[in-house]
Structure formats: C-alpha cells, structure tokens
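Structure first, commentary second.
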Amino acid sequence: MKNNILKVVTILGARPQFIKAGSVSREISKYDELEEVIVHTGQHFDENMSDIFFDEMKIQKPQYNLGINGKSHGAMTGQMLEKIEEILVKEKPDWVMVYGDTNSTLAGALAASKLHIKIAHVEAGLRSFNMKMPEEVNRILTDRVSSILFCPTDSAIKNLNNEGFQNIFTCKIVKNGDVMQDGAIFYSEFAKKPDNLHVEKYILSTIHRVENTDDDKRLTSIVDALNEISKNIPIVLPLHPRTKNILKERKNVLSENIHVIDPVGYLEMVWLIQHSSLIMTDSGGLQKEAFFFHKPCITLRDETEWVELVEHNYNVLVGADTSKILDTYHKHVFNTQYDIDLYGQGKASEEIVKSLLTFDEHRK
C-alpha cells in the first residue's frame, strides 16, 4: 500500500466483464483509501462500447485501452500479457483484479504473477469439466496463481477443495456471492424496452455457443425444437450476425413466430428477461439472470458451471436433443420458490472490497 492508498488494477476484456466489474467499482468508489485503474484489453471489439455505454451503465471508463482483438488465442493472450506487464510496471498496483475466464483474465493473472503482484480472481472455482473449452483452461490457470479466490457459490468452493486448494496452496478462499446479482439489482430500475418489439407474452432465447452454432446436427435440433414451441407461444431471439449467417448458409429456416432481433444492450436484455415467461439459452450468464428475475430456464448445453440452479430445479440441462427440449418444455414443473440465497443477495461486491482491505491484516 502506497501512501495509505491501496491501488487496484482491474483487467477487463468484454462488455459482460465491464458490467460485472461495474458493481465492484461502485463499491470501491465509496472508500477514500482505495484507487482503481481499469485496463480494457479490447479482446471483444464492441461498437456499442462507446462513451454512451459507460455513461448509460454508470461504469467508470477505462484509463487504458489496448485494442487487442481478432487474433488467435495464443497471439491474443501473448500480446495482452506484454502490454499489461508494461502497465503494471508503470502503475505499481497492490492488487490486480480479474474476472471470469477470458483470455484477458489469464493474461492479467500471468502478468501480475510474474511481477509478484497479488491477484484477486472474481468468479473463481467455476468448472464445466470440459477441457476443450478455452474458458475452462483460463479459469483453472488463473485460480492457481491468485492470492484471493472470490467464489460465487458453495459448488465453486467444493471444486477448489477437490483440487487441493484448501490444503496445498496459500491463497485465501472467500464465498462472496455473485457480482452479477449485484448488477441485476442495480440495473433493474433502468431496464428499457427494445425498439420495434411488438409481442407481449413470449419466451426469450439466445444461441451463440460454438458447440451449438458450429455443429450442424446440434443447431438443426435446437431450431426444430424452437420452431415447434413457437406454435404455442412467440419466441424472441436476439441473434448475433455470425449465428444468423450460419443459419442462412445451412438453410435452417426459423418459424414466423420466432421474432429475430439484433443483439441488444444489457438494459434491454434486463427488460426482455423481466417480461418473459421462460428462458431458453446456451449462455452461462443468462442462466443466472433468469434466476435473479425469477424466471425458469431451459439450458441448451450438456453441462453448466451453475450446477446449483439445476440441483434446486430452477434450470434444466437439455443439450441439443429435440425431443428432450420439447419434453422439458411441455412437462417439466420448475421450482417457483426464489427466496433461497444462492448468490449473495446483492452483497457480493461489498464482500470483495472488505476482503481486499483486510487481506494483509490477516497475513501478519
């Protein structure tokens, strides 16, 4: 700590990470003894991340923007590592904070580790147990070099204990809850309806994971199921241009009762979740947001990091099996009791800041 100010450099690479980090940044700003410097690696180039985005989302603008994107995993991670190291040498922080499981996360953690700077990993301990996912490799390696592991759930802590973290490594493990719930609570009052949306009762669906979009059989099965379900209720489908092009190339025709819209901002997505009757998605974050806003969720994946949602019957994993998707939609009875505390009930960011401020005291 320099001059009684604890400096934190936060490494971010994608719009969802900025939204998560926004909750922690708002908490950090309450303390005169804390200073935060935000680095945007540019990993996910997003035209929507203009000054308007930061103002609208009430998020601090990054002091650094590295503009590194559109490269292979290795090239991207390597260039980020080099540039982040330069910034850390200049800023001399007490902590480097990283979020989740992107290449930016890993690059930030490796740069800090080489310089012997303490690392705080938010969303630590999550595991899909699918090592073909780049995200799985990133999160495992980041956990291993971190000083504090901020775990959103009991299952995340269990994963770390099973890997020997509790007994072998010297890091501190904290169950702080999920910063996404902090953000959902904060942004719920700012939600806004997307333009040109003219349906009232609907299912909200998203499809973007490579395991689904790049597998012709899986994508066709999902489309067949959505087309069938849309005979009963409209489906609103925010669709990335990449997925839209794949559907067109493979001649997968969507029903007229599936309302395809362009990708929306977070505040529009919150509105769509709030007003939907059911979520059908292959997104990790949207599974949790469904829970935050008391909506049942059908997940179009074979596994999930958020196992507690499945265990408590808020979420059902159906993969890309048409018959299983339809059977779950028509017959499954979801848990409707949402008073359980799975993710910290909006206090996750507060716990993070308290742990950073008291970390050295516990180490004396």
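The values are calculated or read from the model by the stated rules, or taken from the named source; none is laboratory data. All values derive from a computational prediction rather than experimental measurement. All Cβ positions, even for glycine, are placed from backbone atoms using ideal geometry, and neighbour counts span all protein chains on display.
At-a-glance table
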quantity: Among (1) farther than 15 Å from I273 by Cα; (2) crowded, with 23+ Cβ neighbours inside 10 Å - the single one G183 does not satisfy; calculated: (1)
quantity: Test result for N138, surrounded by fewer than 17 Cβ atoms within 10 Å (Cβ to Cβ), out of contact with any Phe, Trp or Tyr (no Cβ under 9 Å at 6 or more places or on another chain) and of a type outside the set (A, V, I, L, M, F, W, C); calculated: no
quantity: Among the candidates V318, V310, residue that is without any contact (Cβ under 8 Å) to a residue 12 or more places away in the chain and under 21 Å from the mean Cα position of the chain (by Cα); calculated: V310
quantity: Candidates I233, I222, filtered to the one that is of a type in the set (V, I, T), closer than 18 Å to M280 by Cα and either surrounded by 22 or more Cβ atoms within 10 Å (Cβ to Cβ) or modelled with pLDDT under 95 (or both); calculated: I222
quantity: The listed residue being under 21 Å from P263 (Cβ atoms), modelled with pLDDT of 90 or more and of a type in the set (V, I, T), out of I68, I59; calculated: I59
quantity: Any hit, the stretch 240-257, residues being out of contact with any Ser or Thr (no Cβ under 6 Å at 6 or more places or on another chain), under 27 Å from S23 (Cβ atoms) and not in a loop (DSSP other than H, G, I, E, B); calculated: no
quantity: Some residue of the stretch 342-350 being part of a helix (DSSP H, G or I) and among the charged types (D, E, K, R); calculated: yes
quantity: Check on Q274, at pLDDT 95 or above, surrounded by 20 or more Cβ atoms within 10 Å (Cβ to Cβ), of a type in the set (S, T, N, Q) and in a helix (DSSP H, G or I); calculated: no
quantity: Residues within the stretch 113-164 that are within 19 Å of T10 (Cα to Cα), in a helix (DSSP H, G or I) and touching a residue at least 40 places away in the same chain (Cβ under 8 Å), tallied; calculated: 1
quantity: G78 vs. criteria farther than 23 Å from D182 by Cα, over 18 Å from the mean Cα position of the chain (by Cα) and loosely packed, with under 14 Cβ neighbours inside 10 Å; calculated: no
